[in-house]
């Protein structure tokens, strides 16, 4: 069984700040990490590898050369292979252009049974790339997977909803996007780290995949971000004094003053 995992290197959002003048993310000095939902996607693939003997896992990402570090982390966790899609022509892509590039690379890889991806990346929060890849490959997709069970070539999953879940049966090939409730990602092992840095990670550029150059990169991205900003801090709240009746009267007065009631 050949499993592909789509992963992304993202800035640690606990440390991200926005330039108040330019309205862009300040990435200098910000740690880059494996996207958390993608770690859940990889873990589910690794669980299959733990259970079955014939599982091969390939992690694929699109990003700058430094994304090599994230791919080696995935190898150290237990993935078998990794591929980095890196080319200036790919840079600045929105979700549509990104999915065009990744789906073209997946078509080159071929012979896959399951594609795992994270629900969404913490730097964009769009949850669009995984489903778009499935559409372009012409395969079924199930998003927000919180439970997974494989039987022969048929898969049963629970798809997370706001107030419950759906049980869905699907056959391979299929693309599944993982939520954090699906599992708990494992740590890298010492041997895994050693082995990860002894492997070669191929870098594929524009010339290595069959993709229309008019459908990739910044110039071909229909989504444009004009400004990013942090909302202004809220003003200090009003503390009501007195007993319960006095507080209620004060609250009613303030609400009427603001024409709320």
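Would you be able to say whether some residue in the range 186-207 is out of contact with any helix residue (DSSP H, G or I) (no Cβ under 7 Å at 6 or more places or on another chain), at positive phi and part of a strand (DSSP E or B)? No: the range 186-207 contains no residue that is out of contact with any helix residue (DSSP H, G or I) (no Cβ under 7 Å at 6 or more places or on another chain), at positive phi and part of a strand (DSSP E or B). When every residue of the range 105-114 is checked against the conditions, at least one turns out to be touching a residue at least 24 places away in the same chain (Cβ under 8 Å), in contact with a helix residue (DSSP H, G or I) (Cβ under 8 Å, 6 or more places away or on another chain) and closer than 17 Å to residue 40 by Cβ. Of the residues making up the range 172-212, those that are under 19 Å from residue 149 (Cβ atoms), surrounded by fewer than 16 Cβ atoms within 10 Å (Cβ to Cβ) and touching a residue at least 40 places away in the same chain (Cβ under 8 Å) are 180, 184.
When the range 225-253 is filtered for residues that are closer than 22 Å to residue 128 by Cα and free of Cβ contacts under 8 Å to residues at least 60 places away in the same chain, the ones remaining, listed by number, are 225, 226.
Residues in the range 77-94 that are under 16 Å from residue 213 (Cα atoms) and crowded, with 21+ Cβ neighbours inside 10 Å: 85, 90, 93. For the range 60-78, check the following and say yes or no: at least one residue is touching a strand residue (DSSP E or B) at 6+ places or on another chain (Cβ under 9 Å), assigned to a loop (DSSP other than H, G, I, E, B), under 21 Å from residue 186 (Cα atoms) and in contact (Cβ under 8 Å) with a residue 24 or more places away in the chain. Among the residues of the range 60-78, at least one is touching a strand residue (DSSP E or B) at 6+ places or on another chain (Cβ under 9 Å), assigned to a loop (DSSP other than H, G, I, E, B), under 21 Å from residue 186 (Cα atoms) and in contact (Cβ under 8 Å) with a residue 24 or more places away in the chain, which makes the answer yes. Would you pick out the residues in the range 213-252 that are under 26 Å from the mean Cα position of the chain (by Cα), loosely packed, with under 12 Cβ neighbours inside 10 Å and assigned to a helix (DSSP H, G or I)? Passing the criteria: 213, 214.
Do we find that residue 115 is modelled with pLDDT of 95 or more, touching a strand residue (DSSP E or B) at 6+ places or on another chain (Cβ under 8 Å), closer than 19 Å to residue 209 by Cβ and crowded, with 16+ Cβ neighbours inside 10 Å in this structure? Can you show your working first?
Numbers: modelled with pLDDT of 95 or more: yes; touching a strand residue (DSSP E or B) at 6+ places or on another chain (Cβ under 8 Å): yes; closer than 19 Å to residue 209 by Cβ: yes; crowded, with 16+ Cβ neighbours inside 10 Å: yes.
Yes; evaluated as a whole, the condition is true for this residue.
Taken over the range 201-241, the residue count meeting the criterion of being at pLDDT 95 or above and more than 17 Å from residue 104 (Cβ to Cβ) is 1.
The values are calculated or read from the model by the stated rules, or taken from the named source; none is laboratory data. Computed from a prediction, not measured in an experiment: that's the story for all the values here. Note that each Cβ is placed from the backbone with ideal geometry, even for glycine, and that neighbours are counted across all protein chains shown.
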